[in-house]
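Structure first, then comments.
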Amino acid sequence: MASSSSDMKGFFREKKKSAKPNKSGKPIKSAKPKHSASCGSDVVQPPALLSHGSPDLQDEEYDEEEMILRQFDMNMAYGPCLGMSRLGRWERANALGLHPPQQVQNLLMGSKMNNSECLWDGRV
Amino acid sequence: MEVDSGNGVVERKQSIYKSLDESFEIQKEMYRGQQYSQIYFARLHLMRTLLYSLIPTWKPHLPVCTVLGLEQGKECIIVGTLFKHMKLKPTILDEYSKERSASPLVKPHNFMHSDDYLILEDESGRVKLRGTILVPSVYVTGLVVALHGKETGAGDFMVEDILEAGLPPQIDRPLNPNGDDKYVVFVSGLSVGSSSANPLQFQLFVDHITGHLGDEKEQGIAAKIVQVVIAGNSVEFPRGLFNGQNLGSKEQSKLSEPTKELDILLTQIAAGIPLDIMPGTSDPANFALPQQPLHKCLFPGSAAYNTFRSCTNPHSFELDNVRFLGTSGQNIDNLAIYSDASSRIDFLERTLKWRHMAPTSPNTLGCYPFTDRDPFFVEACPHVYFIGNQDKYVTSLIQGSDNQVVRLISIPRFAETGTAVVMNLKNLECHALSFGTQFD
């Protein structure tokens, strides 16, 4: 990834007049590794960090609900989060007697479907 | 189910059968792209909870800590999954290795090496295990154990003692010393369709247990057989057909011949005795454990009988409240490749003491990636623990610390040895039933 900063020319590539240039605000849906925010990249809000694949500049739920759910995903006590739905993982943790926070279940049952998968879903 | 012996009708005994295969069925499972880390987590958590409950009776004065919480010189107990680092274990990366040495194409039967070492792992970290108590040749990857010891200066863990889960609790089987003898017949490795299997031997076996052979006394004994269990590898397809080419209609009919032949013979058995058939390595079932029951369409004749039951591998059932558990041999064969024991029956005993039937899965033994449970964990101790497709007939009776009594049976391959195993439900006594076809 060391060459990611030198790839800025490739990102803001100069196109023909007929084609629109790529604006930096719009996310690029293709999962190219040089667009990740891992190191040295200037890209604003790269898609890899967005759990819904869309810009959430105006998404207020990202701060509260999503943060709580992400903390639940990252907590090692409940096991690996990859490959399982969040509700499935919560139910497993409950069945194993780990006392996962009830708030997480309320969030998952009550709200929309767009937070049912774990943080890394589709990214890894 | 009656055999007319001339003087009267000899009736076959019956037993109450209850299948316990539900945890081995995967129809309800949905694959969502999960990896094996989920089943390892479920296994670790299940067994760690169990071990934590056993530690107070083992060494109550020692603190329990996680691997990351180890302090140098402090004696403590850690619980985690064992990983055995094996030098000779084949890895897929060997194909890409630059030094293409003349490595043998013939796989060794056993991948053990004197340099193998064990590592204990839990969610927080892993630590290398040292000491003479833990012999790497006995243990395999995937076991969950509790270890007593202390961290050395080099960052390794010097093991002083080990706690295995031990035999699970057992419900006492009904003691009925004056009751009737009822026999269960185990057979495996029929290999119908292979060039080495002798069809006459199997036909003799079928005729004997259905009561078509022998005098009244023989028939009387055969009438006491209440269940037949076929433990895997019932068919063997001719290997020449699997060379990657499209099969013409002639080859396709060759492909279905072994199962047709097997069905004819199984119909004869199912007409008279309850029959359980389990899939094995060479049967047309899925590869990964738990293998799902062979489809009824393969047995158009026998499936019509309600005595015919197609079962999973591993298979668990209860007959007159005597609990049976067994596999077609893949788990023990895998253990034999990655560890050492003086006899195959020792592996059986070890898996019971570890309370896990297939510890090497999913590492070296194919397994379905369960997320929330580990079906190979033995919750209740069986009274009879069997394994199919072994080299010879061996049996032993083991006692647990809590008055558990288990009969261990190693069923030989019928196509090679012509031997089946007969077990008496009343007292768990076993004997072999051999069929020879030499006309010397």
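We did not get these values from a lab; they are worked out from the coordinates using the rules stated. All values derive from a computational prediction rather than experimental measurement. Reconstructed Cβ throughout: ideal geometry from the backbone, glycine too, with neighbour counts over all protein chains shown.
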Other chains' Cβ within 10 Å of B:45-51 residues: what's the mean? 2
Starting from the Cα-Cα distance between B:THR57 and B:SER37, subtract it from 0.36 nm times their residue separation and give me the gain in nm to one decimal. 4.1 nm
Within a 10 angstrom radius of each residue's Cβ in A:68-77, how many Cβ atoms of other chains show up on average? Whole number is fine. 1
B:ARG130-B:ASN427 pseudo-label distance in nm [points 7 Å out on the Cα-to-Cβ vector]: 5.4
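Expected output is a single nm value to one decimal: the length gained when fully extending between B:GLU75 and B:TYR17, i.e. 0.36 nm times separation in residues minus the C-alpha distance. What is it?
Net length gain for the segment: 15.9 nm.
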Under 13 Å from the Cβ of B:PHE317, count the other residues' Cβ atoms, weight Lys and Arg +1, Asp and Glu -1, and hand me the total. -2
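State the extension gain, in nm to one decimal, for the chain segment bounded by B:GLU218 and B:HIS85, taking 0.36 nm per residue of separation less the distance between their alpha-carbons.
42.5 nm
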Charged-residue dipole, Cβ positions (Lys, Arg, Asp, Glu), segment B:385-440 about Cα centre, Debye nearest 20: 120
In nm, to one decimal, how far is the modelled label at B:SER195 from the one at B:SER253, with both set 7 Å along Cα→Cβ? 2.2
Once Lys and Arg are counted +1 and Asp and Glu -1 for all other residues with Cβ under 15 Å from that of B:ILE264, the total becomes -3
Using a Förster radius of 22 Å, what is the FRET efficiency between B:ALA341 and B:LEU397 based on their Cβ-Cβ separation? Nearest 0.05, please. 0.80
Checking understanding here: applying a Kyte-Doolittle mean of at least -1.0 and a length along the axis of at least 27 Å (C-alpha), which whole DSSP H helices in chain B pass? B:37-58, B:249-270
Give me Rg/Rg_expected for segment A:63-123, where Rg uses Cα atoms only and Rg_expected = 2.2 N^0.38 Å with N residues. 1.00
Placing unit charges on C-beta atoms (Lys and Arg positive, Asp and Glu negative, everything else neutral), compute the dipole magnitude of segment A:63-123 about its Cα centre in debye, rounded to 20. 220
Placing +1 on each Lys and Arg Cβ and -1 on each Asp and Glu Cβ in segment B:327-433, then taking the dipole about the Cα centre, the residue among B:GLY366, B:GLN330, B:VAL406 whose Cα reaches farthest towards the positive end is B:VAL406
Is there a simple number for the mean count of other chain Cβ atoms within 10 Å of the Cβ of residues in A:79-86, and what is it? 6
Given B:LEU348, B:LEU428, B:ASN389, which one lies farthest toward the positive end of the charge dipole of segment B:304-440, if we put +1 on the Cβ of every Lys and Arg and -1 on the Cβ of every Asp and Glu? B:LEU428
Only Lys, Arg, Asp and Glu count, each charged at its Cβ (+1, +1, -1, -1), so figure out the dipole size of segment B:317-427 about its Cα centre, rounded to 20 debye. 180
